[in-house]
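Okay, so here's the structure we're looking at.
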Amino acid sequence: MGIFDKFKAGLTKTRNLITAQLQGIKLQLGKFDEAKLEELEYSLIRSDMGAANVDEIMASLKAGMKAAGRDDAEFICQNLQEQFSKILGEKKELSLQENNLNIFLLIGVNGAGKTTSCGKLAHQYMEKGKQVMLCAADTFRAAAIEQLQVWSERAGAKLISQTIGSDPAAVVYDAISSAKARNYDLLIIDTAGRLHNKKNLMQELDKIKRVIAKEAAGARVYTLLVIDALNGQNALAQAVNFSETCPVDGLILTKLDGSGKGGVAIALAKINIAPIVFAGVGEGIDDLLTFDPQAFVKALLPEND
Ligand SMILES: Nc1nc2c(ncn2[C@@H]2O[C@H](COP(=O)(O)OP(=O)(O)OP(=O)(O)O)[C@@H](O)[C@H]2O)c(=O)[nH]1
Ligand SMILES: [Mg+2]
């Protein structure tokens, strides 16, 4: 399956929401009047693009319709496609530095999909021929360590872990030493879920970052904030709050498949904290896609046929 088809499958629920209006009108060969435009506006809001963003998008759409003297579904699709693409911007892929250690540090609130994404990423980079190591720096629960162990076996990646209750920064220290000694390409660090306002937990994250800065001084490090699309507009608040406490290099937007809230990607891009670099579209090992704005937008809107 190509990346577009994967996005399309993953975005089924959001796509249904937005295309229902557009395609229904198309079939009736009708024109978009005020009432139909309002329905379209409502479905964009329901997809969690954010009310203010939808206001802007609709205003621009209406201005475009007026200027072009068009009120048909094709024009509207085209206009939305252009607007969404502009908001999402260019594809921003993480690049690994050759012959050097690269580190992904995954952070985020409880249940966002950090551990699962660590496993999927390990698999993805193993498939690309990279030497990948996973580090279980969520030491709060035994289950968290076991969960990452299962993923490491699935992906065929080495796991570094300690016992429950160990200092997460110490596990990270171990993992870095081991990864450096054996010339690993990529170290992926799983951390415990935390809220940005839990001071002790944010201090723990700082400590992990200090260990990375000191022990892996030459490494390329990406701090990746994992965001659950199911949280819709709350996900935005989380992204803002987290990034204010801890600088973030990229976002992993998970569970795009789980609801019709795929529009949150547009809202996230608009606040421009960090680019969305990966998208989770399921629970399987292959269900993490490099975020491709073009494929995403194409998958969100009905096909022009
Ligand atoms: N449908 C779907 N489910 C996902 C996706 N990513 C993660 N999940 C599910 O979300 C649940 C939580 O995922 P975890 O990876 O355990 O989340 P976490 O952030 O590590 O959670 P904590 O360690 O408890 O903070 C699991 O049931 C995953 O299978 C996704 O992209 N799509
Ligand atoms: Mg976890």
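Counting only residues at least eight positions apart within a chain, or on another chain, the lysines with an alpha carbon under 21 Å from that of Lys180 are Lys128, Lys130, Lys158, Lys207, Lys209, Lys214. Does a label point 7 Å from the Cα of Gln97, set along Cα-to-beta-carbon, have any residues of the range 130-170 with amide nitrogen under 20 Å, and which are they? Counting backbone N atoms under 20 Å from the label point, the list is 130-135.
Label-to-label distance, Ala59 versus Ala217, with points set 7 angstrom from Cα along the beta-carbon direction: 5.1 nm.
With the convex hull drawn around the C-alpha atoms of the chain, the volume per residue stands at 123 Å³. Within the accessible area of the range 164-305, the carbon and sulfur atoms contribute 47%, probe 1.4 Å, all protein chains present.
GNM, the chain, Cα, under 10 Å: largest mean-square fluctuation among Met65, Met133, Met49? Among Met65, Met133, Met49, the largest mean-square fluctuation in the Gaussian network model of the chain belongs to Met65. Potential lengthening of the chain between Phe75 and Tyr42 amounts to 10.0 nm, from the contour at 0.36 nm per residue minus the alpha-carbon distance.
Surface composition of the range 70-133: carbon plus sulfur atoms contribute 40% of the solvent-accessible area (1.4 Å probe, protein chains only, all chains present).
Extent along the principal axes, Cα only, for the range 188-273: 42, 26, 21 Å, with the longest axis given first.
Modelled spin-label separation between Gln233 and Ser166, with each label point placed 7 Å from Cα along the Cα-to-Cβ direction: 4.3 nm. Quotient of the Cα radius of gyration of the range 88-236 and 2.2 N^0.38 Å, N being its number of residues: 0.99. Quick one: if the Förster radius is 22 Å, what FRET efficiency do Ile271 and Asn16 give, using the C-beta to C-beta distance and rounding to 0.05? The formula returns an efficiency of 0.30 here.
With springs only between Cα atoms under 10 Å apart, run a GNM on the chain and tell me which of Asp72, Asp33, Asp185 wobbles the most. Maximum among the listed residues: Asp33.
A helix-only calculation puts the chain at -16500 deg cm²/dmol for mean residue ellipticity at 222 nm, using -39500 (n - 2.57) for each DSSP H run of at least four residues, averaged over all residues.
Quick one: accessible area per residue over the range 1-115, 1.4 Å probe, rounded to a whole number of Å²? Here the residues of the range 1-115 average 50 Å² of exposed surface. For the range 207-236, backbone nitrogen atoms closer than 19 Å to the point 7 Å from Asn200 Cα along Cα-to-C-beta are found at 207-209. Using just the C-alpha positions of the range 153-202 as equal point scatterers, what log10 of I(q)/I(0) does the Debye formula give at each q in 0.23, 0.25 1/Å? The computed values of log10 I(q)/I(0) come out as -0.97, -1.05. Residues considered: Ser95, Ser60, Ser243. Largest GNM mean-square fluctuation over the chain, using C-alpha springs under 10 Å, is found at Ser95.
The values are calculated or read from the model by the stated rules, or taken from the named source; none is laboratory data. Remember, predicted model here, so these are calculated numbers, not experimental data. Neighbour counts are summed over all protein chains in view; Cβ atoms, including those assigned to glycine, are modelled from backbone coordinates with ideal geometry. Surface accessibility is based on the protein's heavy atoms, side chains included, excluding ligands, DNA and RNA. Shrake-Rupley method; radii C 1.70, N 1.55, O 1.52, S 1.80 Å.
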